[in-house]
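Here the structure is laid out as structure tokens; the discussion comes afterwards.
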Amino acid sequence: MTLSELELERYSRQLLMDEWGGQAQDRLRSARAIVVGVGALGSPVCTYLVAAGVGQVGVVDGDVVELSNLHRQPLHLTPDLGAPKADAAAAKLGLLNPEVVVEPYPATLDAANAEAIVMGADVVVDCTDSFESRYLVNDACCAQGVALVEAGVVAFEGLVLSIRPGESACYRCAFPVAPPVEGRRSCREAGVLGAMAGIVGSVQALEALKLISGVGRPLLDRILQVDGHDMSQTLVRTGRRPDCPACAPE
Amino acid sequence: MPRIVLNGERTTLPEGATAADAVRASGADGEARGVAVALDGEVVPRGEWRSTPLTDGGVVEVLTAVQGG
């Protein structure tokens, strides 16, 4: 594929990078990404994937935009209140970059539709807001052999892990057991700053772009933890569990 | 008694302490669900927490999964 004049100009500042060239850009254009959840993490993820030129971006979210979302979900604006998030996001993403196809899926991911949602994707970015949905997305991606970027954020804490099923540790390898329900903190209970979610979501977007393009070294078999309170980062090596119910061979 | 760095803080644990003791000392819940522990940058599989001894200078990070998004 050759890039059009408009694409060359639109993507010129990333094409200028030593490590990024026409081949990386071609890979983005031929790629299909699925972003599950267009909230605090999904806002920067969708924005940067679409802006960078990922050819097809599916946006999955069954919620509607609420007033309490707006401080941390900058893809949604005040006039979107009450609108389905997937549609509200897709409308703006289409304006941001008409060169790519954005597909809104105003549906909630569950056990029945998870595998169908991730099927055929080159990368899935999990921006959901519960452990249940994270394990569902992880298991579906492992079953379908689809690369995945997992992340979570709450208050000042964020955690990111990239996954190539069958090659690197999956979310269940890293966290085989979910925290107890009573000890879980979500954005609803413990709060979160939009800027912190922006950091974590941007890391997720960068990881997805690296997985698609083959440029750089993704967080495979490595877990990144970011503490926005003092800006400390922890990067630890991890590995697959031979008895992992999601990704171990039969 | 092993003098270690636990989540960035210097601390001393009792003689014979293991990775499981460090998880407990970090304040994780009793069964440490949703937690991963790394010793000197390498995650220790859950099944090996009790058999992984800590020694002077060990750097232990206890990571907790977060669900917000």
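Here, each number is a calculation from the coordinates, and none is a lab measurement. Keep in mind that this is a model prediction, so the values were computed, not measured. Here the Cβ positions follow ideal geometry from the backbone for every residue, glycine too, while neighbour counts run over all protein chains shown.
Here is the list for segment B:1-47: GluC sites (Glu not before Pro) lying in DSSP coil, each with at most 15 other C-beta atoms within 10 angstrom of its C-beta, are B:15, B:31. Within chain A, antiparallel bridges make up roughly 50 percent of the DSSP beta bridges whose residues both belong there. Residues whose amide H comes within less than 5 Å of that of residue A:83, counting only those at least five positions distant or on another chain, are A:65 (H built at 1.01 Å from N in the peptide plane). Between residue A:110 and residue A:188, the FRET efficiency from the beta-carbon distance, with R0 = 22 Å, is close to 0.70. Short to long, the 5 Å bins of the Cα pair-distance histogram for chain A hold 1, 7, 14, 18, 20, 17, 13, 7, 2, 1, 0, 0 percent of all pairs. Packing, taken as the mean count of other beta carbons within 10 Å per residue, orders the peptides B:56-63, B:33-40 from highest to lowest as B:33-40, B:56-63. Loop-resident GluC sites (Glu not before Pro) (DSSP state other than H, G, I, E or B) in segment A:134-177 with no more than 14 further Cβ atoms inside 10 Å of their Cβ: A:167. Neighbouring Cβ atoms from other chains, within 10 Å of the Cβ of residues in A:229-237, number 3 on average. Distances between placed amide hydrogens fall under 5 Å for residue B:43 paired with A:237, A:238, all partners being 5 or more residues away or on another chain. Distant-in-sequence amide contacts of residue A:103, defined by a placed amide H-H separation under 5 Å and a gap of 5 or more residues or a different chain, comprise A:57, A:58, A:59.
Mean per-residue shielding of peptide A:170-181 is 4, counting Cβ atoms of other chains within 10 Å of each Cβ.
Where the centre of each part is set by its Cα atoms, how far does chain B sit from segment A:182-250, in angstrom? So the separation of the two Cα centres works out to 19 Å. D by Stokes-Einstein for segment A:200-250, Kirkwood Rh over Cα pairs, 10 °C, 1.306 mPa s: 122 µm²/s. Checking every one of the GluC sites (Glu not before Pro) in segment A:1-107 against DSSP loop status and a limit of 11 other Cβ atoms within 10 Å picks out A:19. Neighbour counts of other Cβ atoms within 10 Å put A:71, A:76, A:229 in the fewest-to-most order A:229, A:71, A:76. The ranking of B:64, B:12, A:2 from fewest to most other beta carbons within 10 Å of each one's beta carbon is A:2, B:12, B:64.
Put in line by how crowded their Cβ is, counting other Cβ atoms within 10 Å and starting with the fewest, A:187, A:46 read A:187, A:46.
For the residues of B:53-65, the average number of beta carbons from a partner chain within 10 Å of their own beta carbon is 3.
Once you list every other residue whose beta carbon is under 9 Å from the beta carbon of residue A:148, what net charge do they have if Lys and Arg are +1 and Asp and Glu are -1?
Neighbour charge sum, excluding residue A:148 itself: -1.
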